[in-house]
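Here the structure comes first, spelled out in structure tokens, and everything after it is commentary.
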Amino acid sequence: MSYPTTSRSIAGPGQQYRIEVSPGRHLAEPDHHAENEIGPTGRPYREIPMPKPLDRHGPATVVAVCNQKGGVGKTTSTINLGAALAEYGRRVLLVDLDPQGALSAGLGVPHHDLDETVYNLLVPPHTDTDEVLMRTRVDGLDLLPSNIDLSAAEIQLVTEVGREQALGRALHPVLDRYDFVLIDCQPSLGLLTVNALACADTVLIPMECEYFSLRGLALLTDTIDKVRDRLNPRLDLGGILVTMFDARTLHSREVMARVVEVFGEAVFDTVISRTVRFPETSVAGEPITSWAPKSTGASAYRALAREVIFRNAKGA
Ligand SMILES: Nc1ncnc2c1ncn2[C@@H]1O[C@H](COP(=O)(O)OP(=O)(O)OP(=O)(O)O)[C@@H](O)[C@H]1O
Ligand SMILES: [Mg+2]
């Protein structure tokens, strides 16, 4: 079977070239599960339809990708969920809210050299959001990049009036243009993360499938409850994404069973397996959906995108 190809521009700083892509090539094949087939969560897969094409865009659902534990797959999930949503024709804005700039680096952006970043959106004198906004190599996927400058924002914001709403104010003018805004939080529950939670509709919590990961989740859900009470009543726990799962180990399966016991329906059916392809994509500066489009990792993030679109449409 052949698929139509279109060209798309690749706009990384310092590079402008075009590549041929085949939209829809890997999308037309959602995983078919037999009725009552048990998935890695230990539950039967839920029926998730193929996302419908959109004829207009916005306003965006804002998703904070958040876990104060480090190295659990926040940045990897932000990039790859974003790219998979874009493959389904959604307009997506990724926000790098970590001074390490891993999200920007993971998309091939030389963030150390940037003068205008998310920092300039949060701290006076405020820059226009459009001046910081960049296109990425993936069609429909834009980025607000960050670098180490952002580490100063947390301290500078402390004395500002409405310090928890600084990010929300910066995003407000562009929300109508996007279907999803995904915010990659740093591994802390400090003021930057509170800013993300204060302007989000939902929180997506990536969680490494490992026993000690469960411990920190109570503190995180407590913070989410506080932000909901005090700053953002519409904030909702969008879902728990289990990452770095290894079906061969009893440990992984035991942790999974416990996560499902505690969080029930909030746990996505999609589970991200541990694979070396993800560290490789960070080096390549590209999402797995374009770097290794047929890999199981790419399929998993596409399945997650379908779940996210479905959950969001249900709540609309
Ligand atoms: N499913 C996976 N399998 C194997 N390695 C993975 C997987 N997901 C992410 N990784 C790797 O694990 C490391 C941490 O992932 P990532 O940077 O996404 O986590 P993070 O939660 O954003 O970390 P931090 O808290 O430091 O921001 C990276 O090297 C990444 O490539
Ligand atoms: Mg990260």
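Summary table below
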| read-out | value |
| --- | --- |
| Condition met for SER282 (surrounded by fewer than 21 Cβ atoms within 10 Å (Cβ to Cβ), within 16 Å of ligand 2 (Cβ to nearest atom), among the hydroxyl-bearing types (Ser, Thr, Tyr) and part of a helix (DSSP H, G or I)) | yes |
| Every pair of residues 6+ apart whose Cβ atoms lie under 7 Å, when the first sits in the range 113-131 and is farther than 16 Å from LEU191 by Cα while the second is part of a helix (DSSP H, G or I) and of a type in the set (D, E, K, R) | GLU116/GLU131 |
| Odd one out for GLY190 among (1) surrounded by fewer than 21 Cβ atoms within 10 Å (Cβ to Cβ); (2) away from ligand 2 (no atom under 16 Å from the Cβ); (3) of a type in the set (Gly, Ala, Ser) | (2) |
| Pick from the range 74-100, criterion farther than 18 Å from LEU133 by Cβ and of a type in the set (A, V, I, L, M, F, W, C), ranking: farthest from ligand 1 (Cβ to nearest atom) | ALA84 |
| Filtered residues of the range 223-276 (kept if more than 19 Å from the chain's Cα centre (by Cα) and hydrophobic (A, V, I, L, M, F, W, C)) | VAL227, LEU231, ALA247, LEU250, VAL255, MET256, ALA257, VAL259, VAL260, VAL262, PHE263, VAL276 |
| Count of residues meeting criterion [touching a His at 6+ places or on another chain (Cβ under 9 Å) and assigned to a helix (DSSP H, G or I)] in the range 285-316 | 4 |
| Residues being among the polar types (S, T, N, Q) and in contact (Cβ under 8 Å) with a residue 40 or more places away in the chain - total across the range 224-248 | 1 |
| Some residue of the range 39-53 being within 16 Å of ligand 2 (Cβ to nearest atom) and either under 15 Å from the mean Cα position of the chain (by Cα) or in a loop (DSSP other than H, G, I, E, B) (or both) | no |
| Entirely in the range 65-144, the helices (runs of 4 or more DSSP H) that have 2 or more residues that are within 16 Å of ligand 2 (Cβ to nearest atom) | 74-87, 102-106 |
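Read-outs: derived from the displayed coordinates by stated rules, not from any lab. In this text, all values refer to a predicted model and were calculated from it rather than measured experimentally. Using ideal geometry, Cβ is built from the backbone for each residue, glycine included, and neighbour counts are taken over all protein chains shown.
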